[in-house]
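Novice: What follows is a structure written as structure tokens; I'll ask about it next.
The values are calculated or read from the model by the stated rules, or taken from the named source; none is laboratory data. Note that the structure is predicted; figures quoted are calculated from it, not measured. All Cβ positions, glycine included, derive from the backbone under ideal geometry; neighbour counts span all protein chains shown. All accessible areas refer to the heavy atoms of the entire protein, side chains included, with ligands and DNA or RNA removed. Shrake-Rupley method; radii C 1.70, N 1.55, O 1.52, S 1.80 Å.
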Amino acid sequence: MYRFVKRALFAAVVAGATGPAYSADIIEEPVVVPAVVGGWYMRGYIGMSNQFFDGLESELFSVPYAHGWYDEGGFASAPIFGGGLGYKFNDYFRSDVTVEWRGKSDFNALDWLQADELDPAITTNEYTGKKSELAFLLNGYYDFGNFYGITPYVGAGIGASYNTISSFRDANIQNSGGGWAGDNSEWNLAWALHAGMGIQATERMTIDLGYSFTSLGDAKTGIVYNDDPAYNMDNDGIDFKSIYSHDFKLGVRYSLY
């Protein structure tokens, strides 16, 4: 009898010691919180443009006899600076609004003309100037998923571009003449196609390596004047038709959530 009572007391003590610890383990079990996959983000980037266009148009080129081009014209590369604010809806879709300053790009072109039917002499005009844009785009992107910290994406954007032609000059070396046009800016529809990859640097920061095909619409000089007012002709400036660019960008996206 004595041994039975002694064993019963020992079992009670052990149960009392282990019972609270077992209960504590149940109460303190961590709660798993689902990871946040959406939220606001900021972005900034720099880049370089590689620009083209579909040619110059003006009534000034409608000379009575013959006119053509030795060099139809081209733009030098120029820097790009941009930034924006976006929202990530889920692991696959995000959208942002960007403002992009596209720096001044040098322009050069060279034409030839025969101005007099009785005089076969050919003269040339060398055109120079600068072009810049301020572009606003609403963009949407599809992220293909995270592969060891790298997320490929494609996207598209639409908006408007404020295109400026400045410092436009026309030099006619053979006749020691020339002309100039005042600076002019115009709004145009703009759109872009994007592709690239995001590289996860920290929990909130992503390095963005991107490419964009950007269509910027047309641009136009001011009225063109001859250096000698006696030779001025009525005109509405010179049009730069259908400007587009292949852009390469390096940027950072920073999540605010």
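Novice: Out of GLY149, GLY222, GLY196, report the one residue that is closer than 16 Å to ASP96 by Cα and either aromatic (Phe, Trp, Tyr) or in contact (Cβ under 8 Å) with a residue 24 or more places away in the chain (or both). Let's see the steps before the verdict.
Specialist: Values: GLY149 fails: closer than 16 Å to ASP96 by Cα; GLY222 fails: closer than 16 Å to ASP96 by Cα.
Testing whether each residue is closer than 16 Å to ASP96 by Cα and either aromatic (Phe, Trp, Tyr) or in contact (Cβ under 8 Å) with a residue 24 or more places away in the chain (or both) leaves just GLY196.
Novice: Within the set of pairs 6 or more residues apart or between chains, which connect a residue that is part of a loop (DSSP other than H, G, I, E, B) inside region 158-179 to a residue that is open to solvent by 40 Å² or more (accessible area, probe 1.4 Å) with Cβ atoms less than 9 Å apart?
Specialist: From region 158-179, the pairs are ILE173/GLU126; GLN174/ALA121; GLN174/ILE122.
Novice: Right, another one. Which of the residues belonging to region 217-239 are open to solvent by 30 Å² or more (accessible area, probe 1.4 Å), in contact with a Phe, Trp or Tyr (Cβ under 8 Å, 6 or more places away or on another chain) and assigned to a loop (DSSP other than H, G, I, E, B)?
Specialist: Once the filter is applied, which keeps residues that are open to solvent by 30 Å² or more (accessible area, probe 1.4 Å), in contact with a Phe, Trp or Tyr (Cβ under 8 Å, 6 or more places away or on another chain) and assigned to a loop (DSSP other than H, G, I, E, B), region 217-239 yields ASP227, ASN232.
Novice: Could you look through region 199-211, keep only residues that are in a strand (DSSP E or B) and in contact (Cβ under 8 Å) with a residue 40 or more places away in the chain, and pick out the one that is nearest to GLY129 (Cα to Cα)? Step through it out loud before you land on a result.
Specialist: First, pick out the residues of region 199-211 that are in a strand (DSSP E or B): 199-200, 205-211.
Still in the list and also in contact (Cβ under 8 Å) with a residue 40 or more places away in the chain: 199-200, 205-210.
Working: ILE199: 39, GLN200: 41, MET205: 40, THR206: 38, ILE207: 35, ASP208: 33, LEU209: 31, GLY210: 29 Å.
Only one residue tops the list, namely GLY210.
Novice: Output the residues belonging to region 180-192 that are open to solvent by 30 Å² or more (accessible area, probe 1.4 Å), aliphatic (A, V, I, L, M) and either closer than 21 Å to LYS104 by Cβ or free of Cβ contacts under 8 Å to residues at least 12 places away in the same chain (or both).
Specialist: none
Novice: Moving on to the next point. Go through the residues of region 193-213 one by one and say whether even a single one is surrounded by 14 or more Cβ atoms within 10 Å (Cβ to Cβ) and closer than 19 Å to GLU57 by Cβ.
Specialist: no
Novice: Among the residues of region 108-158 satisfying the criterion of being modelled with pLDDT under 95 and β-branched (Val, Ile, Thr), which is most open to solvent (accessible area, probe 1.4 Å)?
Specialist: ILE122
Novice: Out of contact with any helix residue (DSSP H, G or I) (no Cβ under 9 Å at 6 or more places or on another chain), of a type outside the set (D, E, K, R) and surrounded by fewer than 19 Cβ atoms within 10 Å (Cβ to Cβ): is that true of SER176 in this structure? Write out each step before concluding.
Specialist: On the way: out of contact with any helix residue (DSSP H, G or I) (no Cβ under 9 Å at 6 or more places or on another chain): yes; of a type outside the set (D, E, K, R): yes; surrounded by fewer than 19 Cβ atoms within 10 Å (Cβ to Cβ): yes.
So SER176 passes the test.
Novice: Could we say that ARG43 is charged (D, E, K, R), within 20 Å of LYS241 (Cα to Cα) and under 16 Å from the mean Cα position of the chain (by Cα) here? Full working, then the answer.
Specialist: Working: charged (D, E, K, R): yes; within 20 Å of LYS241 (Cα to Cα): no; under 16 Å from the mean Cα position of the chain (by Cα): yes.
Here the answer is no, as ARG43 does not meet what is asked.
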